[in-house]
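Enquirer: So that we are looking at the same thing, I have put the structure below in structure tokens.
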Amino acid sequence: MAAKLLDGKLIRDEILAELRPRVEALALRGRAPGLAVVLVGHDPASELYVRSKEKACAQLGIYSEKHTPPASSTTAELIALVESLNTRPEIDGILVQMPLPPQVDTRALLHAVDHAKDVDGFHPMNVGKLVENQPGARACTPAGVMEILRRYELPVAGKRAVVVGRSDIVGKPMALMLLHANATVTICHSQTSNLAEECQRADILVAALGRPAILGAAHIKPGAVVIDVGINRVDGKVLGDVQAEAAAELASAYTPVPGGVGPLTIAMLMSNTVSAAARRLA
Ligand code: NDP
């Protein structure tokens, strides 16, 4: 049977369509949700991501503003900016675009964001809520993966899930979300000694390594659901972490790159922003 292609754009559009009336309802109650984006310096990929985020806000009727401090900014200067945004009542969400210049203490800056306005789910308070499985802002990319699984009605409970990658942004929160959905979860990383063997056991394989097309037929159990989070730019092309042909041949369902997980990240950011506004207005 041919593998089913999991269309991230379709799911994104569904989520955005569901958010629109929530934004309108909040606007009728007083004001639209507000998102402040902090973009330090001129990294071209970050500029592109921020433009997409601003566009998504505009399409939904979410107020957004962009702050562009120079690449030479100090941690103290950036913390002062974030603290000023923390105090602004019309700002519900604060997003600090990564990566930051090397002189900036990324962790200190992320910790400075009011956890009620942390729409990335990176603040330790929200990470703790994820660990406890309590409501709170969730990291956008793994939350998007869970939406794909849920909306395509792919069962998670009781399944063996293998997450390759253990970053704070993708791998770790992904593993926790799958765990809370009652999967039996294994986390692999660069020191895993038998990666192919571990991956072969996965009913759900999530690749979040950032290594172009490194996972292939040897890593995919026939019939597995393969979720490819990787975005790798190679010779002007965007490749995932999984060989697309191997996924198409062996998986029961898989996310393409581009067009799979990628579109969900911004949709989940919008969802976190609307939820933050709703909580603050409650
Ligand atoms: P990081 O570089 O922070 O983490 C990569 C992880 O993969 C690390 O835990 C690392 O292990 C592990 N790893 C690296 N090489 C190997 C290997 N050969 N075998 C096993 N494990 C390995 O990346 P991110 O988590 O930030 O991102 C992962 C990918 O997802 C990237 O391609 C990124 O572009 C993409 N991404 C996509 C998003 C989207 O919207 N779709 C959003 C965010 C990221 P160790 O910890 O031991 O070093």
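Enquirer: Out of all the residues in the range 14-31, which are open to solvent by less than 80 Å² (accessible area, probe 1.4 Å) and free of Cβ contacts under 8 Å to residues at least 40 places away in the same chain?
Expert: Across the range 14-31, the qualifying residues are 17, 21, 25, 27.
Enquirer: What's the number of the condition residue 263 fails, among (1) near the ligand (Cβ under 9 Å from one of its atoms); (2) outside any helix (DSSP H, G or I); (3) in contact (Cβ under 8 Å) with a residue 60 or more places away in the chain?
Expert: For residue 263, the failing item is (2).
Enquirer: So which of 171, 128, 165 ends up being within 16 Å of the ligand (Cβ to nearest atom) and under 30 Å from residue 83 (Cα atoms)?
Expert: One residue alone meets the criteria, 171.
Enquirer: Restricting the range 152-172 to residues that are outside any loop (DSSP other than H, G, I, E, B) and open to solvent by 10 Å² or more (accessible area, probe 1.4 Å), which is farthest from residue 186 (Cα to Cα)?
Expert: 172
Enquirer: While we're on this one: As an exercise: evaluate residue 227 against (1) within 16 Å of the ligand (Cβ to nearest atom); (2) over 19 Å from the mean Cα position of the chain (by Cα); (3) outside any loop (DSSP other than H, G, I, E, B) and give the number of the one condition it does not meet.
Expert: Unmet condition: (2).
Enquirer: OK, next. What is the one condition in (1) within 30 Å of residue 46 (Cα to Cα); (2) of a type outside the set (Asp, Glu); (3) modelled with pLDDT of 95 or more; (4) surrounded by fewer than 20 Cβ atoms within 10 Å (Cβ to Cβ) that residue 217 does not satisfy?
Expert: Checking residue 217 against (1) within 30 Å of residue 46 (Cα to Cα); (2) of a type outside the set (Asp, Glu); (3) modelled with pLDDT of 95 or more; (4) surrounded by fewer than 20 Cβ atoms within 10 Å (Cβ to Cβ), the one that fails is (1).
Enquirer: If you don't mind, another one. Going by the conditions given, is residue 238 of a type outside the set (Gly, Ala, Ser), open to solvent by 10 Å² or more (accessible area, probe 1.4 Å), part of a strand (DSSP E or B) and over 30 Å from residue 116 (Cα atoms)?
Expert: Yes; evaluated as a whole, the condition is true for this residue.
Enquirer: Do we find a residue being in a loop (DSSP other than H, G, I, E, B) and open to solvent by 30 Å² or more (accessible area, probe 1.4 Å) anywhere in the range 139-151?
Expert: Initial filter on the range 139-151 (in a loop (DSSP other than H, G, I, E, B)): 139.
Within this subset, residues satisfying the condition of being open to solvent by 30 Å² or more (accessible area, probe 1.4 Å) are none.
No: zero hits.
Enquirer: Just checking, how many residues over the range 122-138 are of a type in the set (Gly, Ala, Ser) and either more than 17 Å from residue 273 (Cα to Cα) or surrounded by fewer than 24 Cβ atoms within 10 Å (Cβ to Cβ) (or both)?
Expert: Restricting attention to the range 122-138, the residues satisfying the condition of being of a type in the set (Gly, Ala, Ser) are 128, 136-137.
Adding the requirement that they be either more than 17 Å from residue 273 (Cα to Cα) or surrounded by fewer than 24 Cβ atoms within 10 Å (Cβ to Cβ) (or both) leaves 128, 136.
Count: 2.
The values are calculated or read from the model by the stated rules, or taken from the named source; none is laboratory data. All figures in this text were calculated on a predicted structure; none of them were measured in a lab. Cβ sites come from the backbone with ideal geometry, for glycine too, and all protein chains shown count toward neighbours. All accessible areas refer to the heavy atoms of the entire protein, side chains included, with ligands and DNA or RNA removed. Shrake-Rupley method; radii C 1.70, N 1.55, O 1.52, S 1.80 Å.
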